[in-house]
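To start, the structure itself, in C-alpha cells.
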Amino acid sequence: MTSPYAENILRSIRRITRAIDLHSRELSARFKLTVPQLVCLRQLYLHGPSTAGHLSRLVFLSQATVTGILDRLESRDLIRRERGRPDRRKVTIALTDKGQEIAESMPWPLQERFAQRLSALPEEEQADIDQVLDRIVHMMAVQDVDAWPIVGAGEWTDPCAQPATAPEPAAQTATSQTASSKKRLP
C-alpha cells in the first residue's frame, strides 16, 4: 500500500528537477554556453583569476573536465591562460573583457536564490529540511549517485574555506575521469 503523500512528494521532486532543467536550457540558449561553462565563468567572476585545480574544487568537477571546459571558453575568447613568472609551470586562468561582460549579465542561478532564501530561515528549519531530503535520498536508494552543488553564494560554495565538504578531484577513479573528459557537453 502506498502512502497518500507519495504522489505529492514525487510531484514536488519532479517540479524541482524540471525547474532546474528548464533554467539550465534557458541559460544555455541565451548565452550559447553549457551550464558547466557558465558556472566556471561565474566562479572566475566571483573569485578572480584562479588555477585550473582551484577552479575545479570551486565547481566540484574533476580537473580533466574543467580543462576541457577551459579549452572551449578560451576558443571563444572568454578566458585567457597566463603562465606564471618566474614559475612558468603555474597557469592562471582569468576572464577576458568578453567573459567579464557575460559573467556580469548572467542571472543568479536557481541554487543561489535557493541558498539565499534558505539562509533566511531559522537554523532549526534548515536542519529539518536537510534531514528530510537526506531521508528521501536514502528512500530512493540514490545516495551513491554523484551530484555537485553547482554554485551558490558566499561561503556556501567555497570548498577551499571548508575543505571537508569539497570532494577531491583526484579521488575520482581513472575510469570516471576518462569518461567525464570524453563528454563534450561541459
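Structure data summary
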read-out: Per-residue HN-Hα couplings for region 66-75 [Karplus 6.51, -1.76, 1.60; θ = phi - 60°; Hz; x = Gly/Pro]; value: 5, 4, x, 4, 5, 4, 5, 5, 5, 5
read-out: Accessible-area composition of region 1-101, carbon plus sulfur, in percent [1.4 Å probe]; value: 53
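The values are calculated or read from the model by the stated rules, or taken from the named source; none is laboratory data. This structure is a prediction, so every number in the text was calculated from the model and none was measured. The area values use the complete protein model at the heavy-atom level, side chains included, leaving out ligands, DNA and RNA. Shrake-Rupley method; radii C 1.70, N 1.55, O 1.52, S 1.80 Å.
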